[in-house]
Amino acid sequence: MILYVSDTKKNEVRRWKIGDTNGIIVAGGNGKGDELNQLNYPTYIFVDEDHSIYVSDNFNNRIMKWMKDAKEGVIVAGGNNEGTGLTQLNCPRGLAVDQSGAVYVVDHYNHRVMRWLKGAKEGGIVVGGNGRGTGANQLSYPIGLSFDRQANMYVVEYSN
């Protein structure tokens, strides 16, 4: 069994295996910042079958992918300052990656869920994006998401 923990104060993600006492840093760990080897308030994480770690780098408004044993990550979504454009995020939260490598991101303050296809420079809106609200096409501060075996998406909202 393996446990991954994002630490918002130390700006790092650690991995523990059974019997470990300290764990090892697998993302960040180089102080708070916006360089490719740094994180700024990492929150949600997703680990794929290749043991790559995807991190919601909250205050950098980006999703970073750290391949196994990498010393720095690559930006796979956002990273173009805070904003509402299709290349931007505003405090990303929950995330998931599908079998094709598409990254799904909860864009918290933009009240939407976005999808970046593998290698894409901009994302597309999957759910929401119509302002904050209670309508069928709106979200209100989404924070998490998951998929079931039939690929149905479930979104957790903070305010609805």
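A search for C-beta distances below 8 Å between a residue of region 30-51 that is over 13 Å from Ala70 (Cβ atoms) and any residue that is among the hydroxyl-bearing types (Ser, Thr, Tyr) and in a loop (DSSP other than H, G, I, E, B), counting only pairs 6+ apart in sequence or on different chains, returns Lys32/Tyr41; Tyr41/Thr8; Pro42/Thr8; Thr43/Thr8. For region 92-127, taking the residues that are among the hydroxyl-bearing types (Ser, Thr, Tyr) and not in a loop (DSSP other than H, G, I, E, B), the one that is farthest from Asp50 (Cα to Cα) is identified as Tyr109. Would region 128-140 turn up any residue that is open to solvent by 60 Å² or more (accessible area, probe 1.4 Å), farther than 17 Å from Thr43 by Cβ, of a type in the set (A, V, I, L, M) and in a loop (DSSP other than H, G, I, E, B)? Yes, that holds for at least one residue. Taken over region 53-69, the criterion of being touching a residue at least 24 places away in the same chain (Cβ under 8 Å) and not basic (Lys, Arg) is satisfied by Ile53, Tyr54, Val55, Ser56, Asp57, Asn58, Phe59, Asn60, Asn61, Ile63, Met64, Trp66. Candidates Ile75, Ile53, Ile2: the one that is aliphatic (A, V, I, L, M) and farther than 25 Å from Val113 by Cβ is Ile2. Within region 49-91, if we keep just the residues that are among the aliphatic types (A, V, I, L, M) and part of a loop (DSSP other than H, G, I, E, B), the residue that is least open to solvent (accessible area, probe 1.4 Å) turns out to be Ala70.
It is to be established whether one or more residues within region 2-17 are part of a strand (DSSP E or B), hydrophobic (A, V, I, L, M, F, W, C), free of Cβ contacts under 8 Å to residues at least 60 places away in the same chain and open to solvent by 80 Å² or more (accessible area, probe 1.4 Å). Yes: one or more hits.
The values are calculated or read from the model by the stated rules, or taken from the named source; none is laboratory data. Values in this document were obtained by computation on a predicted structure and should not be read as measured data. All Cβ positions, glycine included, derive from the backbone under ideal geometry; neighbour counts span all protein chains shown. What goes into the accessible areas is simple: the full protein's heavy atoms, side chains included, and nothing from ligands, DNA or RNA. Shrake-Rupley method; radii C 1.70, N 1.55, O 1.52, S 1.80 Å.
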